[in-house]
Amino acid sequence: MTEAGIPWKKFTLEIESRVESVPLLGQVVYQLCTAAGVSPSEGNQLEVCVVEAVNNSIKHGCEGDPACGVELEVSLSPHQLVFDIWDSGNSVDVAKIHGDHSHALDASADRVKEIPENGRGLALIQKLMDSFEYSPGAQRNRFRMIKHRDPDLFDRSSPCKTEAHPYQTAFSWCSAELGSQKVDEREGADYSR
């Protein structure tokens, strides 16, 4: 399905539950987002949110077990970007995730040394994303983040897109960079949920 000539795309990436795999996953997200017309600054913010969410999934859901798979689905459309992080680990407290985390970003210049090294991921996600939700499941847990977009601001001049093969450059880059990791691309579904 297309809107204004721009196909909606869904990319699925699967990694082992190892924090060493997360930076590359973040780079892939950045490449996909900027190929979809997101500004480099916003691409960096989205990358940070995905990296924080995947790290949380690995550390708290999978508890560092490499056998516990983590999957990222990135759905791109002119109206929104949807990031679904799935894991087969333990579910965590929904109320704790959906609570207010803004205090973790509160710091004054004279208290910089008091800022904790951990515990800011959800606060960053809460600040940078338009919405997020955590849904525990019997087999898999999902953490969804949504960033709304103004389709009129969509950068149609992005060098990674052509009418014949949108996102092809970014997808090729992702496939080459991930090598043995699983990369799946789907076109034409309605991801506007």
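Please treat every number below as a calculation from the coordinates, not as lab data. Computed from a prediction, not measured in an experiment: that's the story for all the values here. Backbone-built Cβ (ideal geometry, glycine too); neighbour counts: all protein chains shown.
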* Since PRO78 meets every condition but one in (1) buried (at least 16 other Cβ atoms within 10 Å of the Cβ); (2) farther than 26 Å from GLY137 by Cβ; (3) in contact (Cβ under 8 Å) with a residue 24 or more places away in the chain; (4) under 16 Å from the mean Cα position of the chain (by Cα), which condition does it not meet? -> (4)
* Cβ pairs under 9 Å, 6+ apart, first in the range 59-70 and in contact (Cβ under 8 Å) with a residue 60 or more places away in the chain, second of a type in the set (S, T, N, Q) -> GLY61/SER17; GLY61/SER88; GLY61/ASN90; GLY61/SER91; GLY61/ASN141
* Structure fact -> Scanning the range 27-45 for residues that are more than 16 Å from LYS10 (Cβ to Cβ) and under 8 Å from the mean Cα position of the chain (by Cα) gives none
* Cβ-Cβ below 7 Å, separation at least six or inter-chain, first residue in the range 24-48 and at negative phi and touching a residue at least 60 places away in the same chain (Cβ under 8 Å), second of a type in the set (Val, Ile, Thr) and surrounded by fewer than 17 Cβ atoms within 10 Å (Cβ to Cβ): which pairs? -> ALA35/THR169
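For the structure I just gave you, tell me whether SER17 is assigned to a loop (DSSP other than H, G, I, E, B) and either of a type in the set (S, T, N, Q) or in contact with a helix residue (DSSP H, G or I) (Cβ under 6 Å, 6 or more places away or on another chain) (or both).
Numbers: assigned to a loop (DSSP other than H, G, I, E, B): yes; either of a type in the set (S, T, N, Q) or in contact with a helix residue (DSSP H, G or I) (Cβ under 6 Å, 6 or more places away or on another chain) (or both): yes.
Criteria met by SER17.
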